[in-house]
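For reference, the structure discussed in these notes is given below.
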2 protein chains.
Amino acid sequence: MAARVEVADPADPRLADYRDLRDVELRKSLEAEHGLFLAEGEKVVRRAVEAGYAPRSFLMAERWLDGLSDVLATTEAPCFVVTEALAEEVTGFHVHRGALASLERRPLPSVDAVLDGARTVLVLEDIVDHTNVGAILRSGAALGVDAVLLSPRCADPLYRRSVKVAMGAVFSMPWTRLDEWYDALPALTARGFTTVAMTLAPDAVPLEEAVRGLDRVALVLGGEGHGLSPRWEQSADRRAIIPMRPGIDSLNVAAATAVACYAMERR
Amino acid sequence: MAARVEVADPADPRLADYRDLRDVELRKSLEAEHGLFLAEGEKVVRRAVEAGYAPRSFLMAERWLDGLSDVLATTEAPCFVVTEALAEEVTGFHVHRGALASLERRPLPSVDAVLDGARTVLVLEDIVDHTNVGAILRSGAALGVDAVLLSPRCADPLYRRSVKVAMGAVFSMPWTRLDEWYDALPALTARGFTTVAMTLAPDAVPLEEAVRGLDRVALVLGGEGHGLSPRWEQSADRRAIIPMRPGIDSLNVAAATAVACYAMERR
């Protein structure tokens, strides 16, 4: 059972995990240094704990305790009980969803472990926006993706904003980060996947055609601004496009991913 | 040619249109009262003017003038030239994309005008998030939607955040707001559209089936939290679902819309 600890001093060092949540740069270094990540809201906190992440502590106002009592019963981590004003002072924002938890990161699984048994995979190159990474995980989980691989420069799926947007999918979807960028796609081809790069390249064919009848597919998606690197675009087995009306900007990467997952499910 | 006006005093009343852009409530009332909306970034400012919206004024730092000189040449509205620090002081945030314009709203078109010739329509009920409204417009424009109708409580498509996310689609896509909520869907049926409600209702069929072979379709999407109202769910001609893996949260409404538009294009 989590020990309930009332905290009234915003400078209390035990609240260090929860400081300045809106300061992205500070949080990145703090979370990396301490190997932690934050979950926000009853539902996401519950899923993180159920997925086996070890809580370091919880932070919430009195009124959120009941809803999480079953989760708190499973752990010895302290639960800091604070006023909503104090929570806001420490975190730097109004915690709409009530409860926060700080949890231990785990070593990332190997690519082998993540791909074991997978038939439909997303491979993300340099998607740097936390919201997009979270949205891709959420749509992928709903629409039949088995695993997600992230290039070294993608945004962190366990950053608070990604976790929130993914609505728990970051805990249920197998994912890991690629150590290597240059030969990442040929390595997937060697494992028996057909790599299909989403691109506006002139030789791109409609996605439905590109994936028709394929068994193991790795769909490759590029970053928000410039799309895929030339290396990834060219080292993929196939290039594909989502047909769009002429004269229109490309889809947002999260929307494109949702459409692509839907099309792949029907291959 | 827009008159260039150097402004050095953040309290200058001529900058009133640009104040406190992060204060959603204040902006809503200010923009309604003055009948204005804001466009942000060179591309979006250009598209708003090209779409025929009359500029009230522009606000930018010196270095953005050249990129917009052709647009500024088409209007007599003043261009306030300020330092980036002053722009930040007035607007309340760092204007990453450089240029801002304040433009006159126009009377919304009639439903008749918006539906004229349309074959694929989106009907949004109480989508209150500006980002989602913008994302839906952008995906709809790319994926073959001819018009968008918004229920009275939907978020404003011309709010700065919606405009930014829509990437100009808010200017190219015909849209208007429904005056009437209760009988909005039967009214569309009477106009020859088959209304298809996206819902988790037990009688929902896969979307592909629901739209197969239809000529004029109005796809009906509900709000972020609770989905469609019972009235809209039941007054639609058909109910449809995007097939998803079991045990998974529903898709985000913007992702669901992108998938649905893609499926409708293939009907």
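Here are the numbers for this structure:
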| quantity | calculated |
| --- | --- |
| Dipole-positive endmost among A:ILE241, A:LEU251, A:VAL123 within chain A (Cβ charges, Cα centre) | A:ILE241 |
| Listed residues A:ALA77, A:ALA201, A:ALA54, most fluctuating in chain A (Gaussian network, C-alpha, under 10 Å) | A:ALA201 |
| Selected from B:ARG14, B:ARG153, B:ARG27 as most flexible by GNM, with chain B as the system and alpha-carbon contacts under 10 Å | B:ARG14 |
| Net length gained if the chain between A:THR189 and A:SER29 were fully extended (0.36 nm per residue, minus Cα distance) | 54.1 nm |
| Per-residue ³J(HN,Hα) for region B:228-236, Karplus 6.51 cos²θ - 1.76 cosθ + 1.60, θ = phi - 60°, Hz, x for Gly and Pro | 6, 5, x, 4, 6, 4, 7, 8, 6 |
| Cleavage-rule hits, GluC sites (Glu not before Pro), region A:73-149, DSSP coil, Cβ neighbours within 10 Å at most 14 | A:GLU76 |
| Under the Karplus curve 6.51 cos²θ - 1.76 cosθ + 1.60, θ = phi - 60°, whole-Hz ³J(HN,Hα) for region B:161-176, x wherever Gly or Pro sits | 5, 4, 4, 5, 5, 6, 6, x, 4, 5, 8, 8, 7, x, 8, 7 |
| In region A:62-140, chymotrypsin sites (Phe, Trp or Tyr not before Pro) in a DSSP loop with at most 15 other beta-carbon atoms within 10 Å | A:PHE93 |
| Label point at B:GLU76 placed 7 Å out along Cα→Cβ; residues across region B:10-41 whose backbone nitrogen lies under 14 Å | none |
| Ellipsoid equivalent to the protein assembly as shown - semi-axes via the Cα gyration tensor, in Å | 36, 32, 26 |
| Considering only chain A, percent of DSSP beta bridges that pair antiparallel, nearest 5 | 25 |
| Loop GluC sites (Glu not before Pro), region B:209-265, which have at most 16 other Cβ atoms in a 10 Å radius of their Cβ (DSSP) | B:GLU224 |
| A:MET1 versus B:LEU200: modelled label distance in nm, points set 7 Å from Cα along the beta carbon direction | 3.4 |
| Max mean-square fluctuation residue, GNM over chain B, Cα-Cα springs under 10 Å, options B:ASP146, B:ASP156, B:ASP215 | B:ASP215 |
| Karplus-derived 3J(HN,Hα), 6.51/-1.76/1.60, for each residue of region B:205-215, Hz, glycine and proline x | 10, x, 3, 3, 5, 4, 9, 4, x, 6, 8 |
| Point-to-point label distance, A:ALA51-B:ASP20, nm (Cα→Cβ direction, 7 Å offset) | 3.9 |
| Charge dipole (debye, nearest 20) of the protein assembly as shown; +1 at Cβ of Lys and Arg, -1 at Cβ of Asp and Glu | 1280 |
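Any read-out appearing in this document is the output of simple, stated calculations on the displayed coordinates, not a laboratory observation. Computed from a prediction, not measured in an experiment: that's the story for all the values here. Heads up, the Cβs are rebuilt from the backbone with ideal geometry, glycines too, and the neighbour counts pull from every protein chain shown.
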